[in-house]
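Trainee: Take a look at the following structure, please.
A short reminder: the numbers here are calculations on the coordinates, not readings from a lab. Fair warning: this is a prediction, and the values are worked out from it, not measured in the lab. With ideal geometry, Cβ positions are generated from the backbone for all residues, glycine too; neighbour counts draw on all protein chains shown.
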Amino acid sequence: MKPKVIVAFDLGTTGNRVMAFNRDGTVAARSYYEFPQIFPQAGWVEHEPQAILKTSLQAFQDVAAIVGPENIECIGITNQRETSILWDKNSGQPVHNAIVWQDRRTGKMCRQLAVHQELIKQKTGLFLDPYFSATKISWLINQVPGVKEKIDRGEIIFGTPDTWLLWNLTGGKAHATDPSNASRTLLFDINQMHFDQELLKIFDIPAAILPEVRDSDAIFGLLDKKFVGREIPITGILGDQQAALLAQCGWDKDLAKVTYGTGIFAMANTLKELCRSERLVTTVAWKIGGEVNYALEGSIFIGGAALQWLRDGLQIIDQASDSESMANALESNEGVYFVPALQGLGAPYWDPQARGLIIGLTRKTTTANIARAALEAMAYQVREVVDEMQVTMKQKLAVARVDGGAAANNFLMQFQADIARIAIERTTMNETTALGAAGVSGFRAKFWSKEEFKKIITKDRIFQPQLDEKISADYYDKWRQAVQRSLRWA
């Protein structure tokens with residue numbers, strides 16, 4: 001007989017992954033499928049909701065075939081958070097493509113609502129920025145023909161990808177989310193822990209389309225029998241960065257986690273304390289066992305996406321991993337800096353009008369300089385966020401635990417330690433978002449205790465600062481000068 005496992009759906013920005021975890025945290029099975037990125041206009045990013053669903057289900061079928069449906073104890077879901085989908089609850093058909101978290105089409109709308117930004121920050125912990133869901137929802141309601149009329153008839157519902165998947169997995173029986181995702185909509189009061197009527201009025205969004213908010217470790221519903229022949233409880237949902245935080249740092253307050261994905265997301269758990277920052281997002285980490293934890297987060301829009309741009313746009317690298325050898329071929333950055341404001345700048349600037357900039361070019365500059373500058377840009381951006389975290393929390397962070405695709409890049413990790421002046425701890429488990437989703441699901445199913453779960457993550461390598469502190473400071477100072485030249489460009 002095969003052992004019992006927990007299955008996690010990890011709904012990413014460029015593809016969907018499903019993983020099955022054994023009780024000791026080892027991976028019993030995994031499957032991954034990419035889906036198309038859609039760019040209708042400059043600054044617009046969309047996904048086809050049915051492609052999100054199809055790739056998720058295909059990955060799940062692959063995993064279930066390996067572990068056996070009868071051995072799946074429960075299911076957890078984690079997802080790209082702010083991405084917004086409206087669909088017809090009768091037909092199950094989306095009204096439009098999903099508007100992705102990276103999308104900047106609602107910048108003008110945000111500027112028009114600027115009079116409300118202090119109230120919004122106080123209630124939600126977020127900035128009035130196109131990154132978050134509310135203006136995306138408003139755009140769909142007002143720009144897609146027939147949506148308003150269908151809302152009036154009670155036919156339209158909203159969800160981020162977790163809610164869209166949950167609704168489909170349960171055969172339309174569950175329209176729900178958890179606080180970590182709800183807190184990213186600009187509609188959720190994190191002080192009172194509910195959707196807020198005043199915020200809904202500001203964005204002109206009807207409450208009736210919103211999902212029910214349940215605890216992160218709630219019983220969300222049962223997988224419909226049509227998928228694998230049996231019902232399986234869905235017992236956990238977390239936003240992707242909160243899931244990584246749970247897996248990496250759990251309930252430790254002196255640690256931060258940094259996920260290097262398409263974007264870069266640095267987060268620190270502030271436990272029950274709601275810490276407020278003028279430059280970072282205050283968000284709900286989770287609500288587990290009836291207890292709310294909060295977190296500080298720096299959302300950096302362009303991380304690994306810069307390497308994708310070097311590969312697909314400029315075509316100066318064949319694959320992202322080439323950047324490491326190219327960077328190592330240089331003794332210094334030779335004064336070349338890349339500000340990757342390709343979708344505006346997120347934390348700590350929150351400037352949707354910033355644009356990308358490469359500065360310091362000379363006749364000596366080669367593609368290696370550009371590749372190295374792209375890697376260095378990730379580290380500089382993280383340094384800015386970590387500094388702000390430490391000021392806000394009034395404490396020095398002991399270590400930053402890292403995961404995500406670019407965390408495998410040794411040049412980047414060493415440079416990150418050198419620039420942030422903090423120990424960087426890379427863990428053996430890279431898919432921490434999926435592990436976090438499995439964790440929150442497993443707590444409810446009593447598959448793991450919190451203590452057992454914390455032992456799963458093990459260290460791969462620790463990077464300590466090595467670069468001379470004066471050189472590090474000079475690099476960082478020039479970076480900040482370059483950023484100033486990119487701000488408010490559009």
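Trainee: Just grab the label-to-label distance for VAL115 and ASP24, each label 7 Å out from Cα along the Cβ direction, in nm (one decimal).
Mentor: Between VAL115 and ASP24, the simple spin-label model gives 6.3 nm.
Trainee: Tabulate in residue order the Karplus-calculated ³J(HN,Hα) for the stretch 286-299, using 6.51 cos²θ - 1.76 cosθ + 1.60 with θ = phi - 60°, rounded to whole Hz; enter x for Gly and Pro.
Mentor: 5, 10, 10, x, x, 10, 8, 10, 10, 8, 9, 9, x, 9
Trainee: How far apart, in nm, are two points set 7 Å out from the Cα along the Cα-to-Cβ line at GLU451 and at TYR32?
Mentor: 3.5
Trainee: Nearest 10 degrees is fine. How inclined is helix 432-444 to the longest principal axis of the chain, computing both from alpha carbons?
Mentor: Rounded to the nearest ten degrees, it is 40.
Trainee: Same structure, new question: Can you pull out the trypsin sites (Lys or Arg not before Pro) in the stretch 416-472 that DSSP calls coil and that have at most 13 other Cβ atoms within 10 Å?
Mentor: LYS446, LYS455
Trainee: So for the pair GLU291, THR428, with labels modelled 7 Å out along Cα→Cβ, what separation do we get in nm?
Mentor: In this crude label model, GLU291 to THR428 measures out at 2.9 nm.
Trainee: Can you give the angle from 0 to 90° between the axis of helix 410-420 and the longest principal axis of the chain, with both taken from C-alpha atoms, to the nearest 10?
Mentor: Taking the Cα atoms of the chain, the angle to 410-420 is about 80 degrees.
Trainee: Further question: How much length is gained if the chain between SER321 and ALA65 is pulled fully straight, taking 0.36 nm per residue apart and subtracting their Cα-Cα distance, in nm to one decimal? Can you show the working numbers first?
Mentor: On the way: separation 256, 0.36 × 256 = 92.16 nm, distance 3.20 nm.
My answer for the length gained is 89.0 nm.
Trainee: Report the full-extension gain for the segment GLU469 to GLU273: residue separation times 0.36 nm, less the Cα-Cα distance, to one decimal in nm.
Mentor: Numbers: separation 196, 0.36 × 196 = 70.56 nm, distance 3.31 nm.
Taking GLU469 through GLU273 to full extension adds about 67.2 nm, to one decimal.
Trainee: Continuing with this model, one more query. Taking Cα centroids, how far is the stretch 387-462 from the stretch 299-370 in Å?
Mentor: Each part's Cα centre sits 24 Å from the other's.
Trainee: Mind putting a number on the dipole of the chain about its Cα centre? Charges go on the C-beta only, +1 for Lys and Arg and -1 for Asp and Glu, and I need it in Debye to the nearest 20. Mind dumping the intermediate values first?
Mentor: Details: 54 positive and 56 negative charges, 43 e Å.
With Lys and Arg at +1 and Asp and Glu at -1, about 200 debye.
Trainee: Could I ask something else about it? Within the stretch 223-311, list the trypsin sites (Lys or Arg not before Pro) lying in a DSSP loop whose Cβ has at most 10 other Cβ atoms in a 10 Å radius.
Mentor: Details: sites: LYS225, LYS226, ARG230, LYS253, LYS257, LYS272, ARG276, ARG279, LYS287, ARG311; in loops: ARG230, LYS253, LYS272, ARG276, ARG279.
Those satisfying the criteria are LYS272.
Trainee: Still on this structure, please answer the following. Run through the stretch 168-210 and list the trypsin sites (Lys or Arg not before Pro) located in a DSSP loop whose Cβ has at most 16 other Cβ atoms within 10 Å.
Mentor: Working: sites: LYS173, ARG184, LYS201; in loops: LYS173, ARG184.
Filter output for the stretch 168-210: LYS173.
Trainee: For the pair LYS364 and TRP251, what calculated FRET efficiency results from E = 1/(1 + (r/R0)^6), where r is the Cβ-Cβ distance and R0 = 45 Å, to the nearest 0.05?
Mentor: On the way: r = 50 Å, r/R0 = 1.11.
It comes to 0.35.
Trainee: Helix 469-486 versus the longest principal axis of the chain: what angle, 0 to 90°, nearest 10, using Cα atoms?
Mentor: Here the helix axis deviates by roughly 70 degrees.
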